[in-house]
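Derivation of every value follows stated rules applied to the coordinates shown; laboratory data play no part. The shown structure was predicted, so the numbers you read here are calculated from the model rather than taken from an experiment. All Cβ positions, even for glycine, are placed from backbone atoms using ideal geometry, and neighbour counts span all protein chains on display.
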Amino acid sequence: MPDLGMLALFCAATLGLLLVPGPAVVYIVTRSVVQGRVAGLVSVAGIHLGSMVHVLAATLGLSAILAASATAFTIVKWAGVAYLLFLGVRALLRKEATEEVELTAHSRKRLFWEGFVVNVLNPKTAIFFLAFLPQFVDTASPVAPQILVLGAIFTVFGMTTDSAYALAASALAGKLRGSARARRRLDVGSGLVYLGLGAYLAASKN
């Protein structure tokens, strides 16, 4: 397993990423604004059940890569750093969105499964886990348990922060509707977090 220092770094990096919202949080906030906090929390549950599917897939996939070649695993780690840097640049350069979000009420069952399916079928989520989790793995120890534990920690943190967003959005519903300026600030914040994390991980390889 990663040592305590690396585990602490992982927790700090995870919180840094989760506190700057991405597409999943936008979806959760939208549902909370439209239908209230229960709808938002149901969406959180569905999305993060989908996250665990990606964690299991990453656990199996990364273990297979390491079993095939330690060099291949190193390549995956460096590709992950490059992907994090790409996410940061893209967020900073993203143009301000002007389209309106469709605000349609759905049943709680539909909200749960919609969140689950959208997350499971999102290839960007799968790529993110494959890029992020290997950065904190100790290759001298079995990889699969480490990936599973790190993924579970990420999911628990994600459920906590996303639930906080759902509660805040439902309380501030009126002010959040259609705020392009707020969306742009979130893009800038997320871009800086991704760039900082990618740069740090790249510099700490030796």
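Structural remarks
- For the stretch 8-18, Karplus couplings with θ = phi - 60° (6.51, -1.76, 1.60), whole Hz, Gly/Pro x: 5, 4, 4, 4, 5, 5, 4, 5, x, 5, 6
- Residues in the stretch 141-156 carry Karplus couplings, in order, of 10, x, 7, 4, x, 5, 4, 5, 5, 4, x, 5, 4, 4, 5, 5 Hz; the curve used is 6.51 cos²θ - 1.76 cosθ + 1.60 with θ = phi - 60°, and Gly or Pro positions show x.
- Of the peptides 47-58, 134-145, 110-121, the ranking by mean beta-carbon count within 10 Å, highest at the top, reads 47-58, 110-121, 134-145.
- Placed amide H near LEU172: partners under 5 Å, 5+ positions off or other chain: none
- Per-residue ³J(HN,Hα) for the stretch 113-122, Karplus 6.51 cos²θ - 1.76 cosθ + 1.60, θ = phi - 60°, Hz, x for Gly and Pro: 6, 5, x, 4, 5, 4, 6, 5, 8, 8
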